[in-house]
Amino acid sequence: LRQTYTKIGLFLCTFVATTALGAVSDKELKLSSPNGNQTVVFRQEQVVPDTRELCYQVTYKGIPVVEKSRAGLGLDNRIWEMALGVRNLKQPACWMDNLEVDSVTVLPGVDNTWQPFYGERSTVRDNYNAATMHLSKKDGSGYRFDIEVRAYDEGIAFRYFFPEHPKAIFHKVVADLTEYTFPEGTMAWTEQWAQAHFEHLAIDDIKRPVERALTLELPGGVWAALTDADVDDWCLTKYLASDKKENTLTSVMYSPVDVVTYYATPWKIIMAADKPGELLEHNTIIENLNPPCEIADAAAWVKPGKIMRETTITTEGAIATIDFCAAHHIPYMLFDWLWYLPCTSHDGDATKVVDKLDMPRVVAYGKEKGVGIWVYVNQHALMKQARELFPILRQWGIVGVKSGFVQYASHRWATWLHDLVRLAAENHLMMNIHDEFRPSGFSRTYPNLLTQEGILGNEEFPDATHNTILPFTRMINGAADYTICYFDKRLKTTHAHQLAASLVFYSPLQTIFWYDKPSFYHGEPEVEWFENLQTVFDDTRVLDGTPGKNVTMARRKGQEWFLGAMTNNEGSREEIPLDFLDKNKVYLASVYTDGGEKVKTRTQVECSYLLVDASMTMKFDLKPSGGAAVRFVPVEAKEAKGLKKYKGKIL
């Protein structure tokens, strides 16, 4: 699909000109975003005698973001070339060197809107300018190479494209030569793997490959992020400090990639903004760079919602958990590992349920109560029996699969995992991919992939400072199954912090009460927050925040707004203007904060209710590792008129 889409797009419009997009010549590509803030330039430059390299640079509002850096791929085609008689096997493979720029194609600008199947927003604007640089070898081999570039108001995106070759059908990509040189003094929020703790490092101190999205703070206050999109047919790529060039990151491919021309690589994305929260607000650029939905009947069976884990793996425990879910507006229940045995071995058989669990009875009871059943399946069983298993699960009435310990990083396993999501779609099964996998927008194309882990979440009980970094880093990628553990004694944050986290950490399948049982609930009144919480939204705003310090977010579903504020280990005072609310409405605000010892419940969450409007400001003294959550519900006009005297007062 990526290849076909690209090939069609290349022939939409072909001309060489000087336009409002930037100075476009037949040897240089210069492209600016519709608002003029984001600009990218690609050109060939002489680096040493007889050698030219493909280089690029990116600016934001005229400020350097990526200084002159190398672009391109490393290929090792010697085996294919020898077989096809294109080149001598012993000839060194310096494939990118001395490509010549043939022309620059300016493509029509795009400005339209579309409605995602679900998301952090109900409408997405897709607005960009585009151009393609065409290069070729002049050695008689017939090799051609294109760079497709888009300039969005949110950032710059580019990818490499191999046109179809009459002889050299195959390419073996062994290296990503793309580099990112940043201004001196740039700092990065880094993780060595998807579920790692963060390190705040200078570029040259990144001595081991680090994950994407990679968020950077540039001198002068500009914020940037590196990430990718449309990666279902590629391998994991990370970033590592160059050992040859200061302030420069290199691209590290997990494995070689074999491609068949014509072929387009994933999109590389360089976002830039004035505030770190704008990076998260602008992450629709990732969705826009993925193909549209491929599931024609998705609306009939792909249903976002909240989910609770059943921990006993017994029929009786499942019945009790279903009752709890039904009572608290939780539409899904999960059987995690151990519902089939051995679940972490090739000997496991996921078509056979353990004796203590009557799966047909549980599924039937769940349907009666309006609670769908999900099951965990380990990679061993998925490798061995997915094609047999998925139709059986559908026949049982299972609605979703949580895959565990899946391989995902090499080209082989990346294509296997994304094809697994396609297979699930064929069987009307939703999916949640756990462990290290991080999203790059594939859920736009296959929305049955509701969420994924790829985050150091509550299973490992991180502290509050870690949680305030996540919104500006990992959450740029997209949905994350953070697994809220509300009643667990091992939590390192307050309970109001956990309430806020369930809003801040977006996930269409939001896991709550992860390690909890129905018996842990003793009537704590703030659980109404979870009962009313939505998991997909019409609008999302980052009101305030800095990585490692604090975050305040507001999300709207219909006419209701939800607000979550989280602070770090030290605590903070937050002043939150309510100007995101409709100026013509009065709202009943349900406020959940850390009340301390004065609140006589074990969670010590204080619940208060007051009338507010858009002219007001809420103030919170957040305790160390604390937070606050607020639900805003419009009051009917007739009622609001009589209640105006109560605005700002606790009811």
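The values are calculated or read from the model by the stated rules, or taken from the named source; none is laboratory data. Computed from a predicted model, the values in this text were never measured in an experiment. Note that each Cβ is placed from the backbone with ideal geometry, even for glycine, and that neighbours are counted across all protein chains shown. The protein model used for the area step is the full one, side chains on, heavy atoms only, and it has no ligands, DNA or RNA in it. Shrake-Rupley method; radii C 1.70, N 1.55, O 1.52, S 1.80 Å.
Within the range 242-252, is even one residue open to solvent by less than 40 Å² (accessible area, probe 1.4 Å), of a type in the set (Gly, Ala, Ser) and at pLDDT 95 or above? Within the range 242-252, one or more residues are open to solvent by less than 40 Å² (accessible area, probe 1.4 Å), of a type in the set (Gly, Ala, Ser) and at pLDDT 95 or above. Taken as a whole, the condition of being open to solvent by 20 Å² or more (accessible area, probe 1.4 Å), modelled with pLDDT of 95 or more, on the phi < 0 side of the Ramachandran plot and aliphatic (A, V, I, L, M) applies to Val536. Residue pairs whose Cβ atoms lie under 7 Å apart, sitting 6 or more positions apart in sequence or on different chains, and linking a residue in the range 226-241 that is modelled with pLDDT of 95 or more and aliphatic (A, V, I, L, M) to a partner that is in a strand (DSSP E or B) and open to solvent by 20 Å² or more (accessible area, probe 1.4 Å), are Leu240/Thr250; Leu240/Val252.
Yes/no per residue for (1) without any contact (Cβ under 8 Å) to a residue 40 or more places away in the chain; (2) in contact with a helix residue (DSSP H, G or I) (Cβ under 8 Å, 6 or more places away or on another chain); (3) not in a loop (DSSP other than H, G, I, E, B):
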site	(1), (2), (3)
Phe437	no, yes, no
Leu450	no, yes, yes
Ile476	no, yes, yes
Arg490	yes, no, no
Thr493	no, yes, no
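Just need a number here: residues in the range 24-59 that are of a type outside the set (A, V, I, L, M), assigned to a loop (DSSP other than H, G, I, E, B), over 32 Å from the mean Cα position of the chain (by Cα) and at negative phi. Before you say what the answer is, go through the steps one by one.
We begin by selecting, within the range 24-59, every residue of a type outside the set (A, V, I, L, M); these are 25-28, 30, 32-39, 42-46, 49-53, 55-57, 59.
Subsequent filtering for residues that are assigned to a loop (DSSP other than H, G, I, E, B) retains 25-27, 33-37, 49-50.
Filter once more, so that each one left must be over 32 Å from the mean Cα position of the chain (by Cα): 25-27, 49-50.
Cutting the leftovers down to at negative phi gives us 25-27, 49.
So the answer is 4.
When the range 432-476 is filtered for residues that are over 24 Å from Trp267 (Cα atoms), buried (at least 24 other Cβ atoms within 10 Å of the Cβ) and not β-branched (Val, Ile, Thr), the ones remaining, listed by number, are Gly457, Asn458, Ala464, Asn467. Look at (1) charged (D, E, K, R); (2) within 14 Å of the chain's Cα centre (by Cα); (3) surrounded by fewer than 20 Cβ atoms within 10 Å (Cβ to Cβ) and you find that Asp488 fails only one, number (2).
Which residues, taken from the range 603-638, are within 26 Å of Lys492 (Cβ to Cβ), open to solvent by 30 Å² or more (accessible area, probe 1.4 Å) and out of contact with any helix residue (DSSP H, G or I) (no Cβ under 9 Å at 6 or more places or on another chain)?
First pass over the range 603-638, keeping only residues within 26 Å of Lys492 (Cβ to Cβ): 603-608, 618-631.
So of that shortlist, the ones also open to solvent by 30 Å² or more (accessible area, probe 1.4 Å) come out as 604, 606-607, 619, 621, 623-624, 631.
Lys619, Asp621, listed by residue number.
Which residue out of Met82, Met133, Met96 is at pLDDT below 85, open to solvent by less than 30 Å² (accessible area, probe 1.4 Å) and not aromatic (Phe, Trp, Tyr)? Give the steps one after another, and end with the answer.
Values: Met82 fails: open to solvent by less than 30 Å² (accessible area, probe 1.4 Å); Met133 fails: at pLDDT below 85.
Every option except Met96 fails the conditions.
State yes or no: is Asp233 within 24 Å of Leu470 (Cα to Cα), charged (D, E, K, R) and open to solvent by 30 Å² or more (accessible area, probe 1.4 Å)?
Values: within 24 Å of Leu470 (Cα to Cα): no; charged (D, E, K, R): yes; open to solvent by 30 Å² or more (accessible area, probe 1.4 Å): yes.
Against the criterion (within 24 Å of Leu470 (Cα to Cα), charged (D, E, K, R) and open to solvent by 30 Å² or more (accessible area, probe 1.4 Å)), Asp233 does not qualify.
Condition check ((1) at positive phi; (2) open to solvent by 40 Å² or more (accessible area, probe 1.4 Å); (3) in a helix (DSSP H, G or I)) across all residues:
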site: Asp516; (1), (2), (3): no, no, no
site: His522; (1), (2), (3): no, yes, no
site: Glu528; (1), (2), (3): no, yes, yes
site: Glu531; (1), (2), (3): no, yes, yes
site: Thr540; (1), (2), (3): no, no, no
site: Leu543; (1), (2), (3): no, yes, no
site: Gly548; (1), (2), (3): yes, no, no
site: Arg556; (1), (2), (3): no, yes, no
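When you look at Asp347, is it under 16 Å from Phe405 (Cβ atoms) and either acidic (Asp, Glu) or in contact with a Phe, Trp or Tyr (Cβ under 6 Å, 6 or more places away or on another chain) (or both), yes or no? Quick ask: steps written out before the conclusion?
Values: under 16 Å from Phe405 (Cβ atoms): yes; either acidic (Asp, Glu) or in contact with a Phe, Trp or Tyr (Cβ under 6 Å, 6 or more places away or on another chain) (or both): yes.
For Asp347, the condition - under 16 Å from Phe405 (Cβ atoms) and either acidic (Asp, Glu) or in contact with a Phe, Trp or Tyr (Cβ under 6 Å, 6 or more places away or on another chain) (or both) - is met.
Residues in the range 174-217 that are open to solvent by 50 Å² or more (accessible area, probe 1.4 Å) and hydrophobic (A, V, I, L, M, F, W, C): Val174, Met187, Trp193.
Among the residues of the range 592-631 satisfying the criterion of being of a type in the set (Val, Ile, Thr) and under 29 Å from the mean Cα position of the chain (by Cα), which is nearest to Glu560 (Cα to Cα)? Show your work before the answer.
Keep residues of the range 592-631 that are of a type in the set (Val, Ile, Thr), which gives 593, 599, 601, 603, 605, 612, 617, 630.
Among the residues that remain, those that are also under 29 Å from the mean Cα position of the chain (by Cα) are: 593, 630.
Details: Thr593: 19, Val630: 11 Å.
This residue is Val630.
For (1) more than 16 Å from Thr248 (Cα to Cα); (2) at pLDDT 95 or above, each residue gets a yes or a no:
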{"position": "Asp153", "(1), (2)": "yes, yes"}
{"position": "Glu164", "(1), (2)": "yes, no"}
{"position": "Thr178", "(1), (2)": "no, yes"}
{"position": "Ile203", "(1), (2)": "no, yes"}
{"position": "Leu214", "(1), (2)": "no, yes"}
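Looking only at the range 159-173, count every residue that is open to solvent by 30 Å² or more (accessible area, probe 1.4 Å) and in contact (Cβ under 8 Å) with a residue 60 or more places away in the chain and tell me the total. Full working, then the answer.
Just the residues of the range 159-173 that are open to solvent by 30 Å² or more (accessible area, probe 1.4 Å), to begin with: 164, 166-167, 169-170, 172.
Filter again for in contact (Cβ under 8 Å) with a residue 60 or more places away in the chain, leaving 164, 167, 169-170, 172.
Total satisfying the criteria: 5.
Checking each residue in the range 291-312 for being farther than 19 Å from Phe487 by Cβ, open to solvent by 10 Å² or more (accessible area, probe 1.4 Å), outside any helix (DSSP H, G or I) and not small (Gly, Ala, Ser) picks out Pro291, Pro292, Cys293, Glu294, Ile295, Asp297, Lys303, Pro304.
Looking at the structure I just gave you, is Trp337 open to solvent by 30 Å² or more (accessible area, probe 1.4 Å), at pLDDT below 95 and hydrophobic (A, V, I, L, M, F, W, C)? Here the answer is yes, as Trp337 does meet what is asked. Taken over the range 346-368, the residue count meeting the criterion of being over 33 Å from the mean Cα position of the chain (by Cα) and modelled with pLDDT under 95 is 1. Is there a residue being open to solvent by 10 Å² or more (accessible area, probe 1.4 Å), farther than 22 Å from Tyr160 by Cβ and over 20 Å from the mean Cα position of the chain (by Cα) anywhere in the range 262-275? Within the range 262-275 (the criterion being open to solvent by 10 Å² or more (accessible area, probe 1.4 Å), farther than 22 Å from Tyr160 by Cβ and over 20 Å from the mean Cα position of the chain (by Cα)), the answer is yes, since at least one residue qualifies.
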